[in-house]
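Heads up, the thing below is written out as structure tokens.
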Amino acid sequence: MEHENIRGSKVSNVPGEDGDHITYCRICESLCGMVATVRDGKIEKIRPDHDNPHSQGHICVKGPAMAELTEDPDRIIYPMKRIGGVGEFERASWDEAIRDIAERLNALIEEHGPDSFAVNYGNPSAFGIASTFCHSMFHQVVGSSKNYSPHSEDSGAPLMAHLMLFGSVTLAFPDLENCDYLMIFGSNPLVSHGSLIIAPTMRKELDEIAKRGEVIVVDPRRTATAAKFEHQPINPDSDAWLLAAMVNTIVENDLTDDRFLDQYSKSAERLFSALRPITPESAEPRCGIAADRIREMALEFASTKRAAAMARTGICRGSFATLSNFLLNTLNIVAGKFHKKGCSGFSYGANDTGEIFTATGMVGYVPNASRTSNLPQVSGSMPSVTLADDIMMPGAGQVKGLLSLASNPVMSMPGGPKIAEAFKQLDLYVSLDLYMTESNRHADYILPATTALERDDLPLFFTGHMMRPYIQYTHAVLPPKGEARKEYDILKAIAEAMGNTEIFAAEDSMQIADAILQAGPEGPDAGEDSLGLSVEMLKSYPHGVMLEKGRWNFKLEDKLRHPDGKIDLFPELIADEVERLKSTAAKTNGKLRLISSRKLRSINSWMHNVEKLVRKDRPTLLINPEDARQHNIGDGSIVILSTDWGEISVEAEVTDEMIAGCVTYPHGWGHNGGWETANATPGQNINAITPSTPESVEQITGVSFLDGFEVELKAVG
Ligand SMILES: Nc1nc2c(c(=O)[nH]1)N[C@H]1C(S)=C(S)[C@@H](COP(=O)(O)OP(=O)(O)OC[C@H]3O[C@@H](n4cnc5c(=O)[nH]c(N)nc54)[C@H](O)[C@@H]3O)O[C@H]1N2
Ligand SMILES: Nc1nc2c(c(=O)[nH]1)N[C@H]1C(S)=C(S)[C@@H](COP(=O)(O)OP(=O)(O)OC[C@H]3O[C@@H](n4cnc5c(=O)[nH]c(N)nc54)[C@H](O)[C@@H]3O)O[C@H]1N2
Ligand code: SF4
Ligand SMILES: [Mo]
């Protein structure tokens, strides 16, 4: 199909054809609309799509860099078979690779049983229809159910909190468009562009809220977001105290929404009485926030009609991650800021997030699921800190075969170097990726996946938690480089070679996506006023389609999925966690504590090979001037950071952005894979020193302790 776009250049939807290709970015959850101009089979430039009603012209520096990444000569674009030591590969044919993998996998299952096989899927797999459903489908082929993923470094705690409160993992998030008072706990959306909330225009939205009222950013660091709005500093790993004290204050001042609580929740009184001893005065020394200020925030929050509290990773990897996420939602619910315009709540979208999580096997809670520790499985994933032991410890269920789908655990999981050692023991390790990374240089096969620009797509995974519900289909902008293939096609071929033709029955992953889209609330059979969404229909609207009914077009009852239909405000696990919280003392040993951070020009561990992104960027340890003085550290000093788990030396940057007692360093740096530009960047792998033993993590969910652990710091020389 060919027509003129409003700017006069030719619009094409044929991969690789000259002209403008309307698409969207799949690097982070903003899903920004982009226009890629193709000339002579290559992308000449990528610009924001101002006609995309969802992102309205927003884009960041990383989106256009996908053009360079796609053309990167270091990319793996042919199947590679390891023929010697770590990182020694030679090109293989697809036929040979598929046949050998299928044979070895069948033999492995025959000899050691299906539980000897695990999948490790990573963050990028959520962004592509060709990969989103694959891991659970491939599990069905093998007959195993063992997954590793970044859940324990990312969303394990909020998912668990949702499951306990609502009986499903359909996500609650703030109504930014109508909110007048927003509290942001542990998120830096001006850099991360938001997560578990799809809001590419977040910057504009926050500006508008600040004009109407207030945006308060609760963070140990004065981040870009905190600097632009009101910063409320807090000690790391102490949000549970603040949130509990705020709920308590609201209860004490009779500001609870009793009508809502009576109708939709249970056990509110039991929760309130358990929280009673957690006063602002007791929270003060833990959080480093004056009791009066805690009271003030609680009262302002409760008495502003359209107010909401939101959070992200900063409260998801502490020693009370689950409780913090539970209390965050509880704060909204108790104060009457839930399921109301301008407040927090679920959303209407082309699909329901909880149902999509279920369809991808990412659901449920299995206590004691780990064979090497007492840790559970959450939302279908085992805790990352158990992966190395699961490979190395003999016994039934020992992992001997691993399929990695868009993940780089050596960089992104705690104890990365230990995981690299464990990989050496695997009988079969197959990785679907774009590069030879620090992880898959240990693989037996690296199978080349397409980049986002080389595949058709639909953002199905995210449609249930969009601030303005929308849906878009994109064709592939370019044909795949070399012999790269879509993940679905690769795993379908392996499954078929293993003798299973049932699970990957659909010809193409888009067929599955289309079926799910059509079964959704705006599908063709959903009633007279439905949009009749299908992939075919979306092809006529290349900039995407807004769901005009808006996010509040649903019945709350339909999303409360405990058998009794009530929000459970005091499940047993939370009762135990509240008691555990009360028994923790304020941390007064004077040790520095480390938290994570993200950089605008990076995405986790995988875009550092794009020269234009890393040229002006390098990771540094941010440290407060007072702490720097005490440790004899100047700007640019090299310092040794050590913990019980390891030691690295990094460059310091002295800044009053950090509160005293807290330092930060980003993850994903310190490369030694098959990516030359990335290898030449400075920095170290922070996950060489993050807590990585089972007892070091939060025990209900097994989420890693990445924010607020103690570090020793020593100046070099
Ligand atoms: N210390 C510390 N550790 C952290 C965090 C932290 O804040 N601090 N953050 C955590 C979080 S939130 C997350 S989500 C994880 C991320 O951890 P992972 O999910 O493991 O992500 P990456 O390390 O970026 O690795 C992604 C891999 O996918 C490949 N890839 C990219 N696009 C595609 C594609 O389209 N198809 C395929 N097949 N492969 C692709 C990349 O080349 C790369 O090898 O890291 C976690 N680790
Ligand atoms: N540019 C860029 N964007 C990204 C990514 C990236 O790597 N780079 N990664 C993507 C991914 S996978 C994810 S999951 C999202 C994450 O999205 P966000 O969570 O918004 O990202 P962060 O920048 O890690 O923000 C976490 C904030 O929590 C603060 N924090 C740390 N410890 C504590 C604490 O104990 N209490 C409180 N209140 N705050 C704390 C940190 O200082 C930091 O500012 O970002 C996504 N977007
Ligand atoms: S914010 Fe940047 S990385 Fe994220 S979707 Fe938009 S362009 Fe892509
Ligand atoms: Mo993440």
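A few remarks follow.
- Extension gain for residue 615-residue 561 works out to 14.5 nm (0.36 nm per residue, less the C-alpha to C-alpha distance).
- Note on residue 501 and residue 680: the model spin-label points, each 7 Å out from Cα along the C-beta direction, lie 5.1 nm apart.
- Neighbourhood net charge (10 Å Cβ-Cβ; Lys/Arg +1, Asp/Glu -1) for residue 602: +3
- Whether the chain is rounded, prolate or oblate, judged on the alpha carbon gyration tensor where a/c under 1.5 counts as rounded: rounded
- Listed residue pairs exceeding 32 Å between alpha carbons, taken from 42/599; 587/612; 418/486; 400/492; 566/591; 62/481: 587/612; 566/591
- Protection-proxy order for peptides 324-331, 24-31, each taking the mean of Cβ atoms within 10 Å per residue, highest first: 324-331, 24-31
- Global geometry of the stretch 594-655, whether rounded, prolate or oblate, following the gyration tensor of its Cα atoms and the 1.5 cut on a/c: prolate
- Counting charges near residue 616 (Lys, Arg +1; Asp, Glu -1) among other residues having Cβ under 13 Å from its Cβ returns a value of +3.
- Ordering 110, 269, 208 from the fewest to the most neighbouring beta carbons within 10 Å gives 110, 269, 208.
- Calculated FRET efficiency for the pair residue 642/residue 425, C-beta based, R₀ 35 Å, to 0.05: 0.80
- Spin-label proximity, residue 341 to the stretch 160-187 - amide N less than 16 Å from point 7 Å beyond Cα toward beta carbon: 175-181
- Prolate/oblate/rounded label for the stretch 600-717 (Cα gyration tensor, a/c 1.5): oblate
- Remark: the stretch 185-199, residue by residue, has Karplus-estimated 3J(HN,Hα) of 9, x, 8, 10, x, 5, 9, 7, 6, x, 8, 6, 8, 9, 8 Hz, where x stands for each Gly or Pro and the curve is 6.51 cos²θ - 1.76 cosθ + 1.60 at θ = phi - 60°.
- Highest mean first, the peptides 611-623, 660-672 sorted by other C-beta atoms within 10 Å per residue fall in the order 660-672, 611-623.
- Neighbour counts of other Cβ atoms within 10 Å put 343, 60 in the fewest-to-most order 60, 343.
- For residue 301, the shell of other residues with beta-carbons less than 10 Å away shows a net charge of -2, using +1 for Lys and Arg and -1 for Asp and Glu.
- Segment residue 530-residue 292, length gained on full extension (0.36 nm per residue, minus Cα span): 80.6 nm
- Beta bridge orientation in the chain: antiparallel %, DSSP, nearest 5: 50 percent
- As a proxy for reagent exposure, 559, 337, 228 were ordered by neighbouring Cβ count within 10 angstrom, fewest first; the result is 228, 559, 337.
No lab work stands behind these numbers, since they all come straight from the coordinates. Treat the numbers as computed from the prediction; the structure is a model and nothing was measured. Every residue, glycine among them, receives a Cβ derived from its backbone with ideal geometry; neighbour counts consider all protein chains shown.
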